[in-house]
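The values are calculated or read from the model by the stated rules, or taken from the named source; none is laboratory data. No experiment lies behind these values; they were computed from the predicted model shown. Note that each Cβ is placed from the backbone with ideal geometry, even for glycine, and that neighbours are counted across all protein chains shown.
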Amino acid sequence: MDLVIYYRVMSILAEMGLNLPISPVDDFDPQDCIRNSGPYRLYDFHLEVRADIDLSELAVKFCDALEAHNRISVIKADFVELQAYPGRIKNSQSVYLTVANL
């Protein structure tokens, strides 16, 4: 189930044009990307995006795409949060996206 959710989020981000995650699929490490919180498993994704990207719009588009996937899949995920910090590269920001299994 972990890889299904991971690939789903990565495909949604790629469809949105955000195809430069810091943690590519080849480096997927459940100990770094997944944590348990009560009955839920939380999946964290770290992205570097341009500083001019509107994060509230990004969150809405991501939630819409995730809901579309949830309608056709038995394995479901839910948006938890999106946090942004100054990026390491000029005119960028580090974004941490968290989703949970349902």
*asked:* Considering only the stretch 32-49, I want to know if a residue exists there that is surrounded by fewer than 14 Cβ atoms within 10 Å (Cβ to Cβ) and among the acidic types (Asp, Glu).
replied: yes
*Within the stretch 7-23, which residues are at pLDDT 90 or above and either of a type in the set (Val, Ile, Thr) or over 11 Å from the mean Cα position of the chain (by Cα) (or both)?*
9, 12
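Please find, within the stretch 38-80, the residue that is farthest from residue 1 (Cα to Cα) out of those that are among the charged types (D, E, K, R) and in contact with a Leu (Cβ under 8 Å, 6 or more places away or on another chain). Break it down stepwise before answering.
Quick first cut of the stretch 38-80, residues among the charged types (D, E, K, R) only: 41, 44, 48, 50, 52, 54, 57, 61, 64, 67, 71, 76, 78.
Still in the running and in contact with a Leu (Cβ under 8 Å, 6 or more places away or on another chain): 44, 48, 76, 78.
Working: 44: 15, 48: 26, 76: 10, 78: 14 Å.
Among those residues, the one meeting the criterion is 48.
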*Need at least 3 residues that are among the hydroxyl-bearing types (Ser, Thr, Tyr) per element, so show me which strands (runs of 3 or more DSSP E) inside the chain make the cut, counting only ones lying wholly within it.*
92-101
_Where the second residue is modelled with pLDDT of 95 or more and among the acidic types (Asp, Glu) and the first is crowded, with 16+ Cβ neighbours inside 10 Å and lies in the stretch 53-66, which pairs have Cβ atoms under 7 Å and are six or more apart or on separate chains?_
none
_Selected residue (criterion: nearest to residue 39 (Cα to Cα)) from residues of the stretch 67-101 that are aliphatic (A, V, I, L, M) and touching a residue at least 40 places away in the same chain (Cβ under 8 Å)_ = 100
